[in-house]
Structures are given as C-alpha cells and as structure tokens.
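Chemist: Right, I'll just put the structure down here and ask away after.
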Amino acid sequence: MSPNDDAVNEPTDATDDAGSSGDKAVMVDDAVADADTVDSEPVVEPDPDAVTITINGREVSARRGELVISAAERNDAYIPRFCYHPRMSSVGMCRQCLVEIDTGRGPMLQPSCMVPVSDGMVVDTESDTSKRAQEGILELLLANHPLDCPVCDKGGECPLQDQAFSHGPGESRYVEEKRHYEKPIPISDLVFLDRERCILCDRCTRFADEVAGDALIHFMDRGNATQVNTYPDEPFSSYFSGNTVQICPVGALTASPYRFKARPWDLEQVESTCTTCSVGCRTSVHSSRDRVLRFQGLDVSDDHGEAVNHGWLCDRGRFNFESIHADTRLGEPLVRTDAGLTATTWSSAMSITADLLGSALAAGSDSVGIIGGARGTNEDALAWARLADACGVGRRDAQVGDGIPAEILDLPRASVDDACAAATIVLIGPDLKQELPVLHLRLRAAVESGRTKVIEFTPTGSGLTAGAWRSQQYVPGALVETVRQSLSDSDVAAQLAAGPVVVVAGRPNLAEQGPAVLDAVEAVVAAAPQATVLPVLRRGNVIGALEAGLAPVSGDTDAILRAAADGQIKVLVLLGADPLRDHPDAQLARRALAGAERVISIDGHMSSSSRAADVVLPAAVMGEKSGTTTNIEGRTTPVEQKVTVHGTARPDWMIALELAQRLGHDLGVSDLNDLTAAVPHAARHRSDRVPAASAMPPSNYELRLIVSRTLYDAAVLTAASPSLAELAAGPGLSVHPADLEALGVSSGDDIRVVGPRGSVVMPACADDRLRRGTVWAAFNQVDPRGVHGDIREVIDASAVANDVRLEVVS
Amino acid sequence: MARLTPDNTTLAHEIIARYPKPKSALIPLLHLAQEQDGYVTDEAMRHIAELVGVTPAEVRGTGTFYEMFQFEPVGRYLINICGTMSCALMGADDLMHAAEETLGVHAGGTTDDGMFTLHRAECQAACTEAPCLQVNYRYRFRATPDDVRTLIDDLRAGRLDGEIPPHGTLARTRQHIPADRGVGAVDPDDVAGPPAWVTVDADTSQGAS
C-alpha cells in the first residue's frame, strides 16, 4: 500500500465521513426550511444565526450551533477524526480532532467535535501545536492497534490507516507488548468483532443505543481492559447491526457476508437505491469481477429533499445482495412440456407467451390477469401498464393482497421529513421496525428528540410502542371503531390540533381486510383536515408500480385470484409475484394457480409460483438493470446496473415491449430512456370502492388472529441470501399466557391452529404483550423440516377478520 | 444463586422509587446484588436490567467499569492494589510482589482458604497518596511492602474485624427512606425553567447570567 494523501478528502467508505450536511443543528434547520421556500424571495435577509470565525487565517462564515469540525470541513480544512459522526451525537471520545481554538482567552487545544462555533473564534488546524497533538493521539491510538492491515478487510478504506498516513507521526516509540484478545469473536450471526483492532471510538455502541435503540453492545470493563462486547449469550441481534460495520473507523467490526471477499481497491461502485422495501434507502453497490459483493448506505440529499436514510440500512436490505448470485436464479426461459419445465430459447418462449396472451385476449380482456410489478423499476411497471392498457386488461394489481387500496395515494402525501417534523404521527399500520426498518429509525429519532408524539393503532404493539404517546391495541375487525372512539377523546383532539399531523398508514394485520385501514385513515383526516399521509405499503417499488398504472382497474389481486379459482382466467401473468408463498390466503392462491388455464411467471428466482407456471421468463434483478424507483414519499431515485445479467435474463420492460410488438401494439416507447421520460408522477387512483364491511364482533370461544411480517421470512430474496435465510424464526403462534394456561399448554409445546380455511400445527409461545383473546403469528415462515405449517393455510382473505381455535396436539 | 430474592426485590423497588428515572438506581441495585451473593451474578444483572428497563449489556457495561463490583466469587478480603500511572511510578509493583509472595497467589487469584483475593486495580482516585491499595474498599495510603505484609497478618488474625467487614458488606446498618421522606427529585425532563444560578454577590438581586 502506498501512502494515499487524498484519502481523507475522498473517503472511500460511503457514509463514514461523508459529512453530508454538517452537524445536527444545521440539518434540522434545513429540513424545516426545505418545505416550500424553493425559489422565492430574491431578497436575502441576513441570517441571524450566522457567525464569522477564522480558520487557518481565513475569515469564513458559519452557523450558530455548528461544530468547529464541520465548519472547518466545509471550508477545506479537514480535521482528522474517528469518533465524530455527523448523524450521531458528539462524544469527544477519540481526541483525534484536537485543534487550537482561541475564543478570546488565547489558543487552547480543544476537541473540535465538541466545540460549537462562536463569533470571532480563531481556529488553527495546522499550527505546530495542533499537529503535534494530532500526531500524539495517533501514536497513542496505534499503541495497541495490531497493524495487521495486510490481512484486514478494512485496509485500503480505513480511516485509521488513511489518517495515520495523513496526520500521523510516521513512527511509534512504543516497543511494549500490545493488548491481546481472541480474534475475531462473533457478536451476532452477521457481525464479527476484533477487539485488538478496536480504538474504542464509541461509534458502534453509540449507534446501537442512540440510533437503533438496541443497546446490546456496550463498553465492558475499565482502563486498559476496556472493550466492546455483548452480554454473555445475548448476541447483537439488531436489525441494524450492519451499520456498525460500515461506520467502524477501523477493521474491528466485519460482516460475515463480505469478510475476505475483496480488497477495497478492487471494488467498483455505483450509486443506486435499495428496493427491498419501499423506503428507498440510497445505496452504493460494490462489485468485483462482475459479482456484487456488498451494499453500503449512502447519506445523500437529492432534488426532492434531505437524505431518506441518513446513511443507514437494515440488515435485510444490506445483505440480500447475496440473492443476486443465488443458485435459484433463473437464467433461461422455461416452458412446460410433458417432461416438466424445459429450457428453451427466448424466441420460442416469447412466441408461446404471445400466442397464449393473444388467444386469451380474443376470449375477452377479462380472461387475463396481471399480478405484481412492485419488484421492478418504474420503467418495468410503466411498460407493463402500457401493455395492459393496450390489451384492455383491467385485472391488474401490483400488491399481492397484502396492502391497502391504492386510493391511499390520492390523499395529500407527506415526506419522511414531514413526519419527523410533525407534532403528531398517527400510525395505523404494521410494526415499521419489522417491515420498513429504516423508516422506523427515522421516526424513532423524531420521537426520542421529543419533537413528535406518536398515536399508534396496532393489534400487537410495535417497535415504537415504548416511546408512543398513545398506543391503542385494537381487536382486529374493530379498527375503524377504535380509531373513531379514540379521536373523540379530548386529549387526542387537542394533540391533533397542536400542530402538523402525519398519518403513517399501512396494513397492520394480514388476517384482516385492508380497506378498513383506508376508512380509519379517512376518519383521522376528517378530524385533522391538514393531515398528510405517508403510505407504508411494503413492497419494493409498489408506489412506483401503482402510479405507473399497475393499480387495479377492475379487480385487485384477491378478485383476480378468486376469478382464476373459478376458472375465469385463461392467462395469469405473475410479474415477480409469488402468490403461492406470498398471498395471505394460501388456499385461495393454490386454487387460483390450479384454476388458471395458463400461468406465465416472469421472475428473477425460481419461486413456488414459477415452479407451478407454464412459461417462466427469467428477469433481471436489481443490480442487473437500470431505471428509477419511487419510494413511499413519491421520491424518484435511480437504480443502476452494476453487474452483467445472469444467463439470458432480461428486464421486465424489455419483455413487455417485445410482447406488445408480437401482439401488434405500439406502446409509444422504444427504449429505456423513453420509458424513464414517460414515468408519471402522482397519478390519480380510483376503484370500485367496496365500503369496508362492518366490524366483526369478537367470538367468545375463538381467538382473533393477527398475522404480520417480521424482517426475516421466507420471501424470495431473503431465502436466496444464505446469510439471512437462517435468521427467519420459523412458524410459531404467540398467545397470551392466560389463554395458553386455560388450554393447559405450556410455552414451546405444539398446538393445532384451526381457522376458516383449515388447520396447521405450530409451537405456541406465551407473550404477555398481546391482548387476551388475540393470537399472533409471523407471516410467511417456513419450517424446513416440514413439521410445522404456515399460518397462511388458515387465513380467509375475504373475511373481515379471522378467528381461530386452538387445539391441544396429543 | 441467581436473581434477587423476593425480599431484595421489594427493597429494589423501594430504591428505584427514590429516583425520577429507574435507570438511576442501577448502581445501588448492583450493590444490593453483590451484598446478596458476594458477587454480581449474571442472573442478577438480567434481573436488574428488567427492573430498571435497560439491556443486560448496559448493566454489565456499567458494573464492570467499577472496581467495587465483582463478577466472580471472591474471598473474605479483597485486596485491590492500584497499578495505574501514579501508583505504578511510586512502587505499586513492589506492593504487588509483596502481596503475591505473602499470599502465595498471583494477581487475580484467591487463596485456598478463601480468605483473600488479590487484584491489580485500575486507578482508585488517590494519586496524591500513591501507592495506594484497598481492602474491601477501605483505603491504605502510601503503602510499603512491609505495610502489605502487616496488613495481611492483621487481617488473618482478625485484628481488623472492627474496621473491615467481610467482602460484600456495604454498610452495617441499612438506610431506609420511606417514599414520603424523599426530597422529591424532579425528572430532569420535566424541568421547564432555566437553572437556578447561585448568586455570588448578595447585593445583586438578579442572578448572574
């Protein structure tokens, strides 16, 4: 490795020291100012918060509250640092940022990450005293550091290595034995800790406590023995553990999916967007030798406003890159013959597909149904929507029976920043920590700051319950009534009138109908007319797909599946959708796929549904195609191709264009650029709105079923990522301890769950956070041994809510 | 050997009630656990975590910072010899050698009779009195190797029983503060006004800003 003096100015580690927008005080101001002051007022009023300071002899302007370290960085005077991170509170832990600061009492060495600017302050980052201090600190930090850079994954993108070159003394006077620890130790299924390399900067522990709220790692012991560690037998099993690896300024924390896979200087990177869920976290995709090797979170603002994810990613989004190169990837078209699914050429597969569609359409456009499209880009969705329009196919839906009606998008939209700046967040939806984890982080930060009060309506409790102002646990089937009742409370009314209100709306329970959520949201909007809505539909690009035209025109996924089960569908197109594994009503999905005359699956991976299809067309997945994606806020960001597609897979839009050509339609677009230019923003949605059924009173001898997702489940991309596949908990039913005791079953025993559609056996688990009379199961959990069943087997998607009976398994 | 006993749990709730935030009771509860078992057990730390609403890692992290807490069984007398800078310069190593020789155990060890545990400790905040050591947290300042040998003899002979109780005894009498006798601490989050500055000059009615 040669000395790399530029490294400090261009950190290779994406979020690490990007210092995107200065310190916290500035960011908050920006967020508020951003709202709607885009190009108004040519007259610039003097900023009352502006102060003038001198950095290295130059007078520069800074903002009150800004830290010296970030003011200096903005003015081309980079101060070395390890513990300082712009998205976390300053702690002055590493002392590397010592510079001479004169506030009128003469120059003194002070940690610049702890000192806010003040008018007339004189800072010298390059004086002999500053330099000697920084060299001294580096020598101390290296006293126990093993200097095993040649075998360290961080070598080449390591802030310690880079700053030792740029700001270090060059050699050490220490000859003593260094501190020794067992190396590395696993602190979770995904993260390894090498305590010898650790410089105790407090970044990971601060992140775990402050940002993630999972203080499962902590400094242990004292003095020379101080180390980061977990409690014995209590691993760092946070959904956000990968972020600590990214922000570690040395190679102490490494993630198992990337360990020893590449050297940083061999990596190529491109800026993209994560489409695992609909938050739209900005990522940097890193690859080497045409293989994607890791995702890093990016902290970048765009035209739409401030950064979405603040540089953070959830572990599912960060590590599911493994699925791009999974064994289950589809590389060539398959057509069903007597010998089962058989590989064929694209031209023959496309001609078969076009023939099937053509003859089905001849029988009436309602004999074709299209389910899916949320997995792709906006361009994919637009091409398919235009193809459906051209063919007159109204039976289409980008949601797979797990969302809420698309009209939610017609309500005034909030951004994540709006939600974080609101006086009140009304949460009617899933546990965001499980489904949209980074949105959970953002909202949690707003709640922790005391700015925002949360009123949540949840059947189970959520990651925000502990900090919620009101947490209303409702009985499934009675959501609207519970919300109305709560709104009539005078305290709640006063809180809603106290300032901006943002309704965060999604599907709280997959064993309960979706339209009720819309009614509940409308009830809140009626009570707080200025309220805006943040729709938390989970699927990757579901908002983009719905807005591009894949929202139901005549019949949503449930209706399409019912029609298929009744034999009314001749060709069912599955656009990256896997209803057999992913629709709440497993029996309906099975009957639908059996009842549809032909099933065409366009998917990146071999899924349960593509295995049952008649034609399987291999699709390019994220990382293999370019385009745009739209997040829950309506923010459109690019996704970029980084590696060559697997086999002969093609992006969905290309397949749609070719099918259109074969069917004799002109979609008015001929390539990706045309599509990108044509992506609509904020389309209106309408549907034959079915009034939500009236509440279903709880039954006396049955238990009301709650089903919701957890972060790790049997979803295709998770199951295809070896590091994540093992993390799914498997089937299980949580029951209130008193209900469990009444049955005479102990926690951990198997029970039979008998519901409207059938019964499954799974282990019971006592959980006193549940209301009595309700039971909870995680969605889409599979037992590899086949002993325990999937809760989807008992759900009737057409019921207002689902009741189950528990039977003791003898 | 485990969680706090029912009696101690009651006491723990009483202690927690003294503070505006439950987390503030962490250290007193660690003392309580140590008093119960002679050292702080893993189960007790989990119990304390539940009681004050933090993670067990935070309890352990906080507890292990302090020399006063032991996480493994120790003898009747715990001798902590400071090994940090000032004491190291002033002859802490000699003290340690004397203690090791007299007791026949290495630093970190416990004598076979269960009487003594010898530890090398981090700074005990008595740098002006270096080298210093503690026996069951009772200080011995500016100690010499002879002092150490005498101390051990005296402890063995029971001549110091009046001054130095067995390890784990926090105090010989327990202080009970009924809820109605507390001073009514205010949750820092509920403090609305500016801090009350102490006025130095009695003539000025306005506090210093």
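Nothing in this text is a laboratory measurement; each read-out follows from the coordinates by a stated rule. Keep in mind the model is a prediction, meaning the values are calculated, not measured. Cβ: placed from backbone, ideal geometry, glycine included. Neighbour counts: every protein chain shown.
Chemist: State, to one decimal in nm, how far the label point of A:Arg222 lies from the label point of A:Thr54, with both points 7 Å from Cα in the Cβ direction.
Modeler: 4.4 nm
Chemist: When 1/r is averaged over all different Cα pairs and the result inverted, which Kirkwood radius in Å belongs to the range A:52-136? The partial results should precede the final answer.
Modeler: Numbers: mean 1/r = 0.0802 Å⁻¹.
Computed over Cα pairs of the range A:52-136, the Kirkwood hydrodynamic radius comes out at 12.5 Å.
Chemist: Oh, and also: Using Cα centres only, tell me the gap between the range B:137-155 and the range A:129-157 in whole Å.
Modeler: A separation of 41 Å, based on Cα centres.
Chemist: Shifting gears a bit: Could you list which residues have their amide H under 5 Å from that of A:Leu341, counting only those 5 or more apart in sequence or on another chain, with H placed in the peptide plane?
Modeler: none
Chemist: Now for a separate question. Using the Cα centre of the range B:65-120 as the reference point, and only Cβ charges (+1 on K/R, -1 on D/E), how large is the resulting charge dipole? Debye, rounded to the nearest 20. Write out the running numbers ahead of the final one.
Modeler: Working: 2 positive and 8 negative charges, 35 e Å.
Value, rounded to 20: 160 debye.
Chemist: In a solvent-free Debye calculation with one equal scatterer on each Cα, what is log10 I(q)/I(0) for the range A:406-535 at q = 0.12, 0.17, 0.20 Å⁻¹, listed in the order of the q values?
Modeler: -0.37, -0.79, -1.16
Chemist: With just the Cα atoms of the range B:6-71, tell me how far they stretch along each of the three principal axes, in Å, largest first.
Modeler: 26, 22, 18
Chemist: Quick one: grab the alpha carbon gyration tensor of the range B:61-103, order the square roots of its eigenvalues as a ≥ b ≥ c, and give me rounded if a/c is under 1.5, else prolate or oblate depending on whether a/b is larger than b/c.
Modeler: Numbers: a/c = 3.85, a/b = 1.33, b/c = 2.89.
Oblate.
Chemist: For the range A:239-246, what does the Karplus curve 6.51 cos²θ - 1.76 cosθ + 1.60, with θ = phi - 60°, yield as ³J(HN,Hα) per residue in whole Hz, taken in order and with x for Gly and Pro?
Modeler: 5, 10, 4, x, 5, 5, 5, 5
Chemist: On to the next question. Rg and Dmax of chain B, using alpha carbons, in Å: what are they?
Modeler: Computed over the Cα atoms of chain B, radius of gyration and Dmax are 21.0, 67 Å.
Chemist: Here is a further query. Only sites in a loop by DSSP and with at most 11 other Cβ atoms within 10 Å count here; which GluC sites (Glu not before Pro) in the range A:133-218 make the cut?
Modeler: On the way: sites: A:Glu135, A:Glu139, A:Glu157, A:Glu171, A:Glu176, A:Glu177, A:Glu182, A:Glu196, A:Glu210; in loops: A:Glu157, A:Glu171, A:Glu176, A:Glu177, A:Glu182, A:Glu196.
In loop regions of the range A:133-218 (DSSP not H, G, I, E or B), the sparsely surrounded GluC sites (Glu not before Pro) are A:Glu171, A:Glu176, A:Glu177, A:Glu182.
Chemist: Take the Cα coordinates of the protein assembly as shown, assign each an equal point scatterer, and use the Debye formula without solvent to give log10 I(q)/I(0) at q = 0.07, 0.09 Å⁻¹.
Modeler: Log10 I(q)/I(0), no solvent term: -0.72, -1.13.
Chemist: Let me confirm one metric for peptide A:231-239, namely the mean number of other chain beta-carbon atoms within 10 Å of its residues' beta-carbons. Numbers along the way, then the final one.
Modeler: Working: counts 11, 5, 2, 7, 0, 1, 0, 0, 0.
The shielding value for this peptide is 3.
Chemist: Next question, about the same structure. Which residue fluctuates the most in chain B, going by a Gaussian network model with Cα springs under 10 Å, if the choices are B:Pro178, B:Pro56, B:Pro145?
Modeler: Residue with maximal mean-square fluctuation among B:Pro178, B:Pro56, B:Pro145: B:Pro178.
Chemist: If you don't mind, there's one more thing I want to ask. Nearest 20 debye, what's the magnitude of the dipole of the range A:720-810 about its Cα centre given +1 on Lys and Arg Cβ and -1 on Asp and Glu Cβ? Don't skip to the end; give the middle numbers.
Modeler: On the way: 8 positive and 13 negative charges, 35 e Å.
For this selection, approximately 160 debye.
Chemist: Shifting gears a bit: How large is ³J(HN,Hα), in whole Hz, for each residue of the range B:16-33 in order, when computed from phi with the Karplus curve 6.51 cos²θ - 1.76 cosθ + 1.60 and θ = phi - 60°, using x for Gly and Pro?
Modeler: With the stated coefficients, the range B:16-33 comes to 4, 5, 6, 10, x, 10, x, 4, 5, 7, 4, 5, x, 6, 5, 4, 4, 5 Hz.
Chemist: Turning to a different aspect of this structure: Along the positive direction of the dipole of the protein assembly as shown (beta-carbon charges: Lys, Arg +1; Asp, Glu -1; about the Cα centre), which of A:His788, A:Gly730, A:Ser278 reaches farthest?
Modeler: A:His788
Chemist: Here's something else I'd like to know. Sort out for me the Cα centre separation of the range A:723-753 from the range A:219-296, rounded to whole Å.
Modeler: What the calculation gives is 32 Å, centre to centre.
Chemist: Still on this structure, I have one more. Could you order peptides A:223-233, A:334-344 by the average number of other Cβ atoms within 10 Å of their residues, highest first? Don't skip to the answer; put the middle values down first.
Modeler: Values: A:223-233: 16.5, A:334-344: 13.2.
By packing density, highest mean first, the sequence is A:223-233, A:334-344.
Chemist: Over all directions, how big on average is the projection of the convex hull of the alpha-carbon atoms in the range A:703-808, in square nanometres? Intermediate results must be reported in sequence, preceding the final value.
Modeler: Values: hull surface 26.8 nm².
Value for the range A:703-808: 6.7 nm².
Chemist: Separate question: Tell me the Rg and the Dmax, in Å, that the Cα atoms of the range A:120-271 produce.
Modeler: Calculated on Cα positions, Rg and Dmax stand at 16.7, 53 Å.
Chemist: Here is a further query. Using only the alpha-carbon atoms, how far is helix A:437-448 inclined from the longest principal axis of chain A? Give it as 0 to 90 degrees, nearest 10.
Modeler: 60 degrees
Chemist: Inside 10 Å of the C-beta atoms of A:213-220, what's the mean count of C-beta atoms belonging to other chains? Each step should come with its number before you reach the end.
Modeler: Details: counts 1, 2, 6, 4, 4, 11, 7, 8.
Going residue by residue through A:213-220 and averaging, the value is 5.
Chemist: Here is a further query. Relative to the longest principal Cα axis of chain A, at what angle does helix A:652-662 sit, 0 to 90 degrees, rounded to 10?
Modeler: 40 degrees
Chemist: In whole Hz, with x marking every Gly and Pro, tabulate ³J(HN,Hα) for the range A:91-108 from phi via Karplus 6.51 cos²θ - 1.76 cosθ + 1.60, θ = phi - 60°.
Modeler: So the Karplus estimates, Gly and Pro as x, are 10, x, 7, 8, 6, 5, 8, 4, 9, 7, 10, 10, 10, x, 10, x, x, 9 Hz.
Chemist: Then there's this: With everything on Cα atoms, drop me the angle between helix A:346-362 and the longest principal axis of chain A, reported from 0 to 90° to the nearest 10.
Modeler: Long axis of A:346-362 versus the principal axis of chain A: about 50 degrees.
Chemist: Taking amide hydrogens as modeled 1.01 Å from N in the peptide plane, which residues meet the under 5 Å criterion relative to A:Ser301, leaving out close sequence neighbours?
Modeler: A:Ala307
Chemist: Testing the spin-label approximation: label points 7 Å from Cα along Cα→Cβ at A:Ile185 and A:Glu332. State their distance in nm.
Modeler: Each label point lies 7 Å from its Cα, and together they span 5.1 nm.
Chemist: State the volume of the convex hull built on the alpha-carbon positions of the range A:320-439, expressed per residue in Å³ and rounded to an integer. Can you show the working numbers first?
Modeler: On the way: hull volume 22.2 nm³, N = 120.
Value for the range A:320-439: 185 Å³ per residue.
Chemist: I've got another one for you. Can you pull the mean other chain C-beta count within 10 Å for peptide B:52-59?
Modeler: Mean partner-chain Cβ count within 10 Å for B:52-59: 6.
Chemist: Skipping prolines and chain starts, which residues have an amide H placed within reach, meaning under 5 Å, of the one on A:Phe779, given they are 5 or more residues away or on another chain?
Modeler: Long-range HN contacts for A:Phe779: A:Ser708, A:Arg709, A:Thr710.
Chemist: Taking the dipole about the Cα centre of the protein assembly as shown, with the C-beta of Lys and Arg at +1 and of Asp and Glu at -1, give me whichever of A:Gly297, A:Pro552, A:Gln530 is farthest to the positive side.
Modeler: Result: A:Pro552, furthest along the dipole toward the positive end.
Chemist: In debye to the nearest 20, how big a dipole does chain A give about its Cα centre with +1 on each Lys and Arg Cβ and -1 on each Asp and Glu Cβ?
Modeler: On the way: 72 positive and 114 negative charges, 346 e Å.
Charge dipole of chain A: 1660 debye, to the nearest 20.
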